[in-house]
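The values are calculated or read from the model by the stated rules, or taken from the named source; none is laboratory data. Quick caveat, the model's predicted, so the values are computed rather than measured. Using ideal geometry, Cβ is built from the backbone for each residue, glycine included, and neighbour counts are taken over all protein chains shown. Side chains are part of the model used for accessible areas, which takes the heavy atoms of the whole protein and leaves out ligands, DNA and RNA. Shrake-Rupley method; radii C 1.70, N 1.55, O 1.52, S 1.80 Å.
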Amino acid sequence: MTKITIIGAGSAVFTRNLCSDILLVPELQDCTIALMDIDPERLEMARALVQAIADQRGLKTKVEASLDQRQAVKGADFVITTFQQGGLEAYKLDIEIPQKYGVEQCVGDTMGPGGVFRALRTIPVLIELGEDMDEAAPDALLLNYVNPMAANCWAFFEATGRPHVGLCHSVQGTSEMLAQWAGVPYDEVTFFCAGVNHQAWMLDFYRGDEDLYPKLWQAIEKPEIYATEPTRIDIMKHFGYFVTESSGHASEYMPYFRKTAAMIEKELVPKYKDEVNHWFDYAQTGGHLRHCISRFKDYKQEYAELLDGTRHIREERSHEYGSIIIESMVTGRLSKIHGNVPNFGLIDNLVEGCCVEVPCLVDGNGVLPIKVGDLPAHLAALNRTMVNVQSLIVEAALSCEQESIVHAVMLDPLTAAVCTLDQIRAMVAEMFEAQQQWLPQF
C-alpha cells in the first residue's frame with residue numbers, strides 16, 4: 001500500500017485538489033494519505049475534506065492526521081510539501097517593509113526581498129524534514145510545492161542530498177494559454193520549455209511539423225490578448241521568446257517594469273484591461289497578498305460547502321504534476337512533466353548544481369531529467385540574474401551568514417533598480433528585526 005504524506009496540509013484547498021487528483025488514479029485509491037500541519041484546527045479541516053472525498057467516491061483510502069512530522073512521514077513513499085512558514089503575518093512584512101524603501105513587489109515569493117526572506121524562513125524547515133525522512137522514510141521522494149522553488153530545492157539538496165523534484169504549474173498554464181492564442185487544440189501541441197522556475201522559456205511550440213510561433217506573434221498584436229498578459233508580451237517582443245510565469249510575477253524579476261509606485265500606477269497597471277480576471281489588481285503592489293487574505297476569509301465557508309455537498313469536488317484531474325509523478329512511479333506508466341531539479345549537465349550555460357526547470361520523464365525508475373544543452377545566450381543571461389541571488393540565499397541559509405543575505409538583496413534586479421546600497425542594507429536589517437521569531441538561526 002502506497003503512503004503519501006502532505007506536510008502543510010492545512011492549506012486545505014490545495015490539499016483537497018491534490019488528494020482528489022491522487023484518488024482518481026485507480027492504483028492509488030487504497031493508499032494511505034497522512035496529513036501533517038502545525039495548526040490543529042486547519043489540520044482537522046483538511047482531514048475531514050480528504051475523508052469526504054474518499055467517502056463520496058466509496059474508496060478504502062486510509063486518511064491519517066498528525067501534528068508530529070516524524071510520525072507523519074514514517075514509512076512514506078512520497079512526501080509533498082505545501083506549507084508557508086510564517087503564514088500571512090510574515091508575508092505581510094515581506095511586502096510592506098520593502099515598499100517603504102521603494103521596492104514594489106506584487107507577489108514577492110520568488111525574488112526580491114520577499115523571496116529572499118521567505119527562503120530563509122523555509123529552508124531550515126525543509127532540511128529538518130529531510131533529516132526526519134532519513135530516519136523514518138529513507139526511500140521517499142520529496143515533491144516540493146513551496147516557494148521560492150529554486151532556492152528551496154537547491155538548499156535542500158545541498159544540505160541533505162536527498163532525491164526530490166520541485167513542482168509548479170506555470171509551464172502547464174502557459175502552454176494551455178498559448179495553445180488557445182494559436183487557435184489549436186491543446187492535445188495536439190508539443191513544446192520544449194526550459195530555464196529556471198518562474199522564468200523558463202518556451203523554446204519551441206509546435207503542432208505536428210508546424211511551428212506555432214508565427215501564430216503567437218500574430219496573436220500578441222490583438223488588443224484583447226495583450227490586455228491579459230502585457231508584461232510577458234513585452235518580454236517576448238524584446239527577447240524573442242515567451243516566458244512561463246504570469247505578467248505580475250514576471251514584472252518583478254527584471255529591472256524594467258516596477259521602478260516606482262507612480263510608474264506601476266500610470267504605466268504598468270493601465271495595460272491590463274482584462275475585466276474578467278482582474279489581473280490589474282494582481283499586478284499592483286501587494287496584489288497577491290490581498291488575494292491570499294481574501295481567500296482566507298472565504299476558507300471556512302468553502303470548507304462547509306464541500307462537506308455538506310453544496311459545493312462539488314470535481315471529478316477530473318487537474319494539470320498539477322503531483323499525482324502524475326506518483327502514478328508513474330507506482331505503475332511504471334511513462335509520463336512527461338516539467339520539474340525543478342539540480343543542474344548536473346542539463347543546461348550547460350547555467351551554473352552547475354543550481355536548480356533548473358526542465359522536461360523530465362517519469363516511470364518506475366523515478367524522475368529522469370532531459371538534457372537541454374545551451375539556452376539562447378540572452379535568455380541564459382536573464383536566468384543567471386536569478387541564479388546569482390539564489391546562490392547567495394543558499395550560502396546564507398546553510399552558513400547563517402547575514403552578510404550573504406545583504407548581498408543577495410543587492411543583486412536582486414528589481415531592488416537594484418530602485419535602491420541605493422545603503423538603503424538595501426537598512427531594509428535588510430529592518431526585515432531581520434521584524435522577522436526574528438522565524439529566523440532564530442540568525
Exercise for review: Kindly check whether there is at least one residue in region 328-335 that is closer than 24 Å to Pro230 by Cα and open to solvent by less than 40 Å² (accessible area, probe 1.4 Å).
Suggested key: no
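Yes/no per residue for (1) over 20 Å from Val330 (Cα atoms); (2) open to solvent by less than 40 Å² (accessible area, probe 1.4 Å); (3) in contact (Cβ under 8 Å) with a residue 60 or more places away in the chain; (4) outside any loop (DSSP other than H, G, I, E, B):
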position: Ile4; (1), (2), (3), (4): no, yes, yes, yes
position: Ala9; (1), (2), (3), (4): yes, yes, yes, no
position: Phe14; (1), (2), (3), (4): yes, no, yes, yes
position: Asp21; (1), (2), (3), (4): no, yes, yes, yes
position: Ala46; (1), (2), (3), (4): yes, yes, no, yes
position: Ala54; (1), (2), (3), (4): no, yes, no, yes
position: Val63; (1), (2), (3), (4): no, yes, no, yes
position: Gly75; (1), (2), (3), (4): no, no, yes, no
Report task. Would you check if there is a residue in region 376-384 being open to solvent by less than 10 Å² (accessible area, probe 1.4 Å) and under 18 Å from the mean Cα position of the chain (by Cα)? Result -> yes
Scanning region 121-145 residue by residue, those within 15 Å of the chain's Cα centre (by Cα) and open to solvent by 10 Å² or more (accessible area, probe 1.4 Å) turn out to be Tyr145
Scanning region 155-178 residue by residue, those open to solvent by 40 Å² or more (accessible area, probe 1.4 Å) and either of a type in the set (A, V, I, L, M, F, W, C) or under 17 Å from the mean Cα position of the chain (by Cα) (or both) turn out to be Phe157, Ala159, His169
Q. Somewhere in region 407-428, is a residue more than 30 Å from Tyr256 (Cα to Cα), over 24 Å from the mean Cα position of the chain (by Cα), part of a loop (DSSP other than H, G, I, E, B) and touching a residue at least 12 places away in the same chain (Cβ under 8 Å)?
A. no
Scanning region 291-307 for residues that are among the charged types (D, E, K, R) and open to solvent by less than 100 Å² (accessible area, probe 1.4 Å), the one nearest to Gln56 (Cα to Cα) turns out to be Glu305
The condition of being more than 13 Å from Gln199 (Cβ to Cβ) and open to solvent by less than 30 Å² (accessible area, probe 1.4 Å) holds, among Asn365, Asn343, only for Asn343
If you go through region 223-244 one residue at a time, do you hit one that is farther than 24 Å from Met111 by Cα, of a type in the set (Asp, Glu) and open to solvent by 10 Å² or more (accessible area, probe 1.4 Å)?
-> yes
The condition of being among the hydrophobic types (A, V, I, L, M, F, W, C), surrounded by fewer than 21 Cβ atoms within 10 Å (Cβ to Cβ) and not in a helix (DSSP H, G or I) holds, among Phe432, Phe442, only for Phe442
